[in-house]
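Here the structure comes first, spelled out in C-alpha cells, and everything after it is commentary.
The values are calculated or read from the model by the stated rules, or taken from the named source; none is laboratory data. Source: prediction; values computed, not measured. Heads up, the Cβs are rebuilt from the backbone with ideal geometry, glycines too, and the neighbour counts pull from every protein chain shown.
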Amino acid sequence: MMNFGKDIYLPDQTIDRKKLAGMIFNSPSLLQKVNFIIHPEVRNYFFEWSNRQNSPYVVHEAAILFESGFYEMMDYTILITAPEQLRIDRVMERDGNSAEEIKDRMSKQWTDDEKMKLADITIRNDNRELVLPRLIELDKKFRNHG
C-alpha cells in the first residue's frame, strides 16, 4: 500500500490493519489520504451490492457514516450509541487496544451529540434498554413503508 512500506503486510499478504490504524490515527495527513482512497471504493461497492439485492431494504453499517458524508445517500440513518466508558471497555475487550489508543481514535470522530443532530433514529446500546424490540419495530416500519 502506497506510503506505508512493505512491512504493512502480514505474511499472507493482507494488510496488517492494527499497524495501519496505528499509523493513520497518528497522522492527520495519512488519515486523509486513506479516507480519500477508501470512501469512494466503499460507496461504489455498497451501491453495486445493494442494487443486486432482492429484499425490502438493505442496511449499511459504518463507523464514520456521518463524518464521511455517506449518510446523505441513505433513506434513514440509525445511530447506535453507548456511554463512552462502555464503548472503550468493549473495544478494549474486542481488539486489545489500550484505553488511551481508543480515546485518541474517538477524539478524531464526531461526538454523539453531533451525530444525533443528523440521525433519524437513535438507539442506546447500554445494557439498560432492550435493543432487539427496537430493531423489530424498525424492521416492520421499513418493510411497510419502503
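Details
- Unique match (being touching a residue at least 60 places away in the same chain (Cβ under 8 Å) and either more than 18 Å from the chain's Cα centre (by Cα) or surrounded by 13 or more Cβ atoms within 10 Å (Cβ to Cβ) (or both)) among A21, A82, A99, A62: A21
- Qualifying residues in the range 65-79 (those that are in contact with a strand residue (DSSP E or B) (Cβ under 7 Å, 6 or more places away or on another chain) and not in a loop (DSSP other than H, G, I, E, B)) - the one surrounded by the fewest Cβ atoms within 10 Å (Cβ to Cβ): I78
- Every listed requirement among (1) in a loop (DSSP other than H, G, I, E, B); (2) in the same structural domain as K140 (by TED's automatic domain parsing); (3) of a type in the set (S, T, N, Q) is met by N26 save one, (2).
- Tally of residues being of a type in the set (G, A, S) and in a helix (DSSP H, G or I) across the range 85-129: 2
- Every residue from the range 130-146 that is in a loop (DSSP other than H, G, I, E, B) and among the hydrophobic types (A, V, I, L, M, F, W, C): L130
- Being more than 15 Å from the chain's Cα centre (by Cα) and part of a loop (DSSP other than H, G, I, E, B) is a property that does not hold for Y45.
- Screening the candidates K117, K141 for the property of being of a type in the set (K, R) and at pLDDT 95 or above yields one hit, K117.
- The range 109-134: number of residues that are in contact (Cβ under 8 Å) with a residue 12 or more places away in the chain and loosely packed, with under 13 Cβ neighbours inside 10 Å: 4
- Verdict on T81 being in contact with a Phe, Trp or Tyr (Cβ under 8 Å, 6 or more places away or on another chain), outside the structural domain of I38 (by TED's automatic domain parsing) and not charged (D, E, K, R): no
- Any chance K33 is without any contact (Cβ under 8 Å) to a residue 40 or more places away in the chain, under 20 Å from Q109 (Cβ atoms), among the charged types (D, E, K, R) and not assigned by TED's automatic domain parsing to the domain that holds S98: yes
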